[in-house]
Each structure stands twice: as C-alpha cells, then as structure tokens.
Amino acid sequence: MLRYFQSIYPIIQQQFEESGFPTTYTHFTDMGYQLDHLSVYDWIERYVEGGHDAPLGHLLNTACTGFYGLGTKEQSSLNLVYMFGSQASEKRTPTSGPMRGSVKIAGGNQQLPLAIASCLPESSVKLHHQFVSIRRNSNGSVTLSFVTPDGFSDVTCDHAILALPFSTLRHVDYRQAGFDALKQTAITQLGYGTISKLFLQFDTRYWYQNGPWPHPNSGFIITDLDIQVLWDTSPGQTVASGVLVDYAGGSIGASYMPPAPYTTTNDAGGEKIQQYAHRCLEQLEQVFPGISPHYTGTAALSYSTGDPYLRGSYSCWAVGQYTLFGGYERVRQGPIHFAGEHCSIEEQGYMEGAVREGKRAALEVLQDYMLA
C-alpha cells in the first residue's frame, strides 16, 4: 500500500502547499477554493488511478469517512489534502496508525468534566436544564430559556457563551438573538459526522499474537469492510484482556438503531448490541481468523447521532464550507459568544480544540469587562 500511496504523494503535497493553511472564509488561495468545492469522492476519482475500484482509492475513501465521519460525497476534498498532506510531511501513510496523538485518562474521559466541575463554586452546574431559546434584550442583556423538571426557567445575563454544537443549536429558537446571515448559515449548514463506536471486550489481545496478519502491529486496523476502522483502546494496561473499538462513520455509522444512544449488552435492549457485536465479529474474522472465541460477550455502543444533545459525532466541513464560513463559527454576535470544537480551525473535532475555544470565548468576555 505504501507504493500506491507514494504514487499520489507529489499531487497531495503540491496541493497541500498551494492551498496553504488555514483555509477560511476570509483567507483562501485559488487552489484552496478549487479543492473546497470538490468532494473527497470526486478527488479520488480524479487523482487516483482506477478511482474507487483501486485499493488506494478504497483506502482513502474509508480513511476519510472514518476520520471525519461524513460520507466522502459530502466532504470537502481539503479534508483529505490537509490530513494526508501533513502526514506526508511526516512520512506517514494512511495505515500508519491513528492520525493524531492522544492521551488516555485513567478512569475514562468522564474524569475530566467531573474534575472541572469540582473546581467551580457550588451550584454552578445546573443539571436537567434543556436550552430551548435565546434572545437579546433592548438593554443589551441576553435571556436564555430552559425547560427543567420544575417547568420553564429564564436566565438573564450580560454575556452568554454558547458551547453546544451547532447540530443542536439549530434546534434552539434563536430568532430573537440578532444573529447575522452568515452566522445563521454556519449554524444551519455546518457538517457533522455520524461516527459510532462499538466496543468489544476480548479475554486476550489476540491481535498482537502471531497469525496471518502483520506482526508486530500497533493495534490499529483499517479495512475495506463495513467495520471500516478499529483500534486497541487498552494499550498500557497490565491486564491480559483487551478492548477493540469499531469506529464507523458515514452511512454505516448512522445506520445503527439501538434502544438508547449509549447502551451495553447488560442494559435493557442489550440483545440489539449483541447482534451488532456478532456482526462485527463476522467481519473481524476476515482480519484476525480465530478471534471470535476470545470475545467475552461484553460490548457497548456509543451512538452520538441518536443523542438529542449532540446529533452527531463532531463537526466536519462539507463541500464549499471552508470558504463559505470556515472560521466564522467562533465569531461573536454582540454579547453572545461561541465555543466548542466546532469553533476551532486548527483542532476541529478534538477536545483540545474545545478547550482552546472555551478559553478564547472567556477572554472575550473578560476583555469587555476590562474595557468597561
């Protein structure tokens, strides 16, 4: 596969350099504009010999779907060029492993928001409050309305930071918020992936053992099957057992129909998750023959597309969106500020992007008070 990838290396690298980074609604080159208005699918058909029928074409299609979460006919081809252009500079290939480094949090990622909440003043976090509308008042203040277990509740403030994803904000009534036309376009149109995570537990990390598959390996698997991309989520742990996560995006990631967005085989309706697990195992047998007996029977599904407070996995610029409103997601609208991974240009889709954008929005508020 490295040989195939090297055949398009000069094309990707030239386009990467001519596009420049970043491409936004206020800053783009001729190459960046052209690539933004070409889908990933059409890029593969145009530049890969044999298109999607070739092994490399199929691999690039799977990699972009798995990484960004949208189907390749919907994605801007800048996604592909930026991902593999930066990797090419590092002499990586689509099969080298996870595209970006990450840090594991002992006890799970949930420890992070819990730690942040513990540092806030008591009663700062209001649970069971569904955000339903926002309006700007004649005196410059902002009123946010919530549905709570006790009925409707309004909060009026000088500034508001909206950190919820645009995929859910578009279901909030913001008609009286004074958002300009471009902000409304970004809110209603920004692309979102449909990645689902299916976790399967095994009594041993069979994928590291000797067998008819590459060895040694990193535990990162990209396939031409419906399971798309998988990796070992338990590196560094001392126990013998391990967990593989099946990371599927596009129409496949959206096709799950679990009883609830986050379900395990031990929950009510868990038999549906077991069906998904065995379907995954059938395909996984083609990658690691003999792995099925090592499945412990425990699985879990994270289906963020079905979560009414997410409605997708994370943001992803669709065809034409870099140059239409890329970078405008973060632009404030008077006393209303915006944060979240979808506001990040450099770290879109990552917790790091969300953190940096939260800090930026907070500084905007502080600067207003300092100027006052």
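No lab work stands behind these numbers, since they all come straight from the coordinates. Note that this is a predicted model, so its numbers are computed, not measured. With ideal geometry, Cβ positions are generated from the backbone for all residues, glycine too; neighbour counts draw on all protein chains shown.
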Rank-order 172-178, 126-132, 198-204 by packing density, defined as the average count of other C-beta atoms within 10 Å over each peptide's residues, highest first.
-> 198-204, 172-178, 126-132
What are the ³J(HN,Hα) values, in whole Hz, obtained from phi via the Karplus relation 6.51 cos²θ - 1.76 cosθ + 1.60 with θ = phi - 60°, for each residue of the range 291-302 in sequence order, with x given for Gly and Pro?
-> 7, 4, x, 8, 6, 7, x, 9, 9, 8, 10, 10
Per residue, what volume in Å³ does the Cα convex hull of the chain take up?
-> 162 Å³
Using every alpha carbon pair in the range 230-332, what percent of pairs falls into each 10 Å bin from 0 up to the bin containing the largest distance?
-> 12, 35, 29, 15, 8, 0
Quick one, could you list the DSSP H helices from the chain stretching 15 Å or more along their long axis (Cα atoms) with average Kyte-Doolittle hydropathy of 0.0 or above?
-> 55-68, 78-89
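Among 56-65, 329-338, what's the highest-first ranking by average C-beta atoms within 10 angstrom per residue?
Most protected by this proxy first, the peptides run 56-65, 329-338.
Given the pairs Lys104/Lys126; Lys197/Lys272; Lys126/Lys183, which are separated by over 22 angstrom at their Cα positions? Before the final figure, lay out the partial values.
On the way: Lys104/Lys126 28 Å; Lys197/Lys272 14 Å; Lys126/Lys183 27 Å.
The pairs that break the limit, which is 22 Å between Cα atoms, are Lys104/Lys126; Lys126/Lys183.
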Where does the charge balance sit around Gly178 when Lys and Arg score +1, Asp and Glu -1, over other residues with C-beta under 12 Å from its C-beta?
-> +4
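Where Lys and Arg each count +1 and Asp and Glu each count -1, what net charge lies around Tyr192 among other residues with Cβ under 13 Å from its Cβ?
Numbers: positive: Arg170, Arg311; negative: Glu74, Asp307, Glu329, Glu341.
Combined, the nearby Lys, Arg, Asp and Glu give -2.
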Please sort 214-224, 66-76, 23-33 by packing, taking for each peptide the average over its residues of neighbouring beta carbons within 10 angstrom, highest first.
-> 66-76, 23-33, 214-224
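Would you mind classifying the range 313-357 by shape? Square roots of the alpha carbon gyration tensor eigenvalues, ordered a ≥ b ≥ c; an a/c under 1.5 is rounded, otherwise it is prolate if a/b is larger than b/c and oblate if not. Walk me through the numbers on the way to the answer.
Details: a/c = 2.25, a/b = 1.09, b/c = 2.06.
Cα axes put the range 313-357 in the oblate bin.
At a temperature of 25 °C and a viscosity of 0.890 mPa s, determine how fast the range 2-89 diffuses translationally according to Stokes-Einstein, using the Kirkwood radius over alpha-carbon pairs as Rh; express D in µm²/s, rounded to the nearest whole number.
On the way: Rh = 12.9 Å.
Calculated translational D: 191 µm²/s.
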Taking the inverse of the average 1/r across all pairs of different Cα atoms in the range 166-259, what Kirkwood radius in Å do you get?
-> 16.6 Å
